[in-house]
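Below is one structure, written out as structure tokens, with a few remarks after it.
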Amino acid sequence: MAQAARGEISFPTSVNAVLRLQRALDDPDCPLDETIRLVLAEPQLAARTVALANSAAFGGSGGPPVTNVRAAVTRIGYRRLQALVASLVVRQFGARINDPGLRAKAEQLWQHTTHVAALAASMARHVTGVNVDTALFAGIIHEMGGFYLLSRADEFPGLLDDDPEKWGELCEDVVGLEVLKKLAVPEPVAEAVGELRRSWVSMPPSTLLDTLLLANHFAPIPSPLGTAPAPLPEHGESALDFVLDEEMLDTIRAEALETCAALGGPSLV
């Protein structure tokens with residue numbers, strides 16, 4: 001994927017998601033929480049919103065980076081967000097995934113992504129103590145390399161041959177990191193995403209990486225790409241039981257299901 005390394009990246013996106021957001025932003029009475037929900041429902045837009053907030057024009061070079069969409073929207077304001085959405089609307093028409101096989105993979109990857117993002121937010125709130133909005137944002141973008149490769153697969157025959165090790169290398173180690181760099185994802189988030197494939201949960205879990213690892217493990221729908229995450233020990237046989245018992249896990253799962261629905265449901269369209 002030399003093109004990705006050269007920065008020649010153009011992302012596909014969902015027409016309906018972008019248009020829903022655009023219509024919402026056209027309403028001067030659109031609540032901030034509704035705006036944030038709609039932004040998080042579109043991974044590329046979420047990444048670009050945070051990147052814009054971290055640019056010099058919004059004071060990003062003078063302090064700690066913004067690492068979540070709520071802070072990003074507050075900093076950049078609705079007007080600039082509208083311009084960002086409009087540019088995505090124009091670019092996305094040529095980047096839709098039409099092949100049925102690729103589309104099925106993309107749909108499953110989106111379902112996996114929303115579950116991981118929702119679980120990450122709940123894990124952050126109840127277990128690891130990291131910023132909940134940052135965990136949600138990291139979950140939304142953690143498979144960005146996979147979405148990019150799916151969008152380009154019809155141009156490169158053989159790219160999607162069933163080879164888990166190849167996918168792990170392409171998505172996490174090559175394309176994924178280049179895509180996050182191109183999107184100017186904050187370094188703490190990009191580092192956590194980049195370490196997912198080769199890391200284990202630390203005890204006690206307390207970092208963004210730990211949060212994503214836990215969310216990936218408990219996600220009910222696996223990613224259709226790459227290798228499965230390393231299994232955690234069974235309940236009752238792990239130090240994790242001291243911070244995440246069955247009652248807490250049930251609470252987290254129920255909370256995450258509500259968050260999944262708020263993110264726009266299981267379909268890309």
- prompt: Going by the conditions given, is residue 124 modelled with pLDDT of 80 or more, more than 14 Å from the chain's Cα centre (by Cα), over 22 Å from residue 52 (Cβ atoms) and assigned to a helix (DSSP H, G or I)?
  reply: yes
- line: Restricted to region 196-216 and to residues being modelled with pLDDT of 90 or more and surrounded by fewer than 19 Cβ atoms within 10 Å (Cβ to Cβ), the residue nearest to residue 148 (Cα to Cα) is 207
- prompt: Could you list, in sequence order, the residues of region 130-158 that are open to solvent by 20 Å² or more (accessible area, probe 1.4 Å) and at pLDDT below 80?
  reply: 152, 154, 155, 156, 157, 158
query: Considering only residues of region 159-195 that are open to solvent by less than 70 Å² (accessible area, probe 1.4 Å), acidic (Asp, Glu) and within 18 Å of the chain's Cα centre (by Cα), which is modelled with the highest pLDDT?
result: 178
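The values are calculated or read from the model by the stated rules, or taken from the named source; none is laboratory data. Source: prediction; values computed, not measured. Cβ coordinates were reconstructed from backbone atoms using ideal geometry, including for glycine residues, and neighbour counts include every protein chain displayed. Remember, those area values only see protein heavy atoms, side chains included, never the ligands or the DNA or RNA. Shrake-Rupley method; radii C 1.70, N 1.55, O 1.52, S 1.80 Å.
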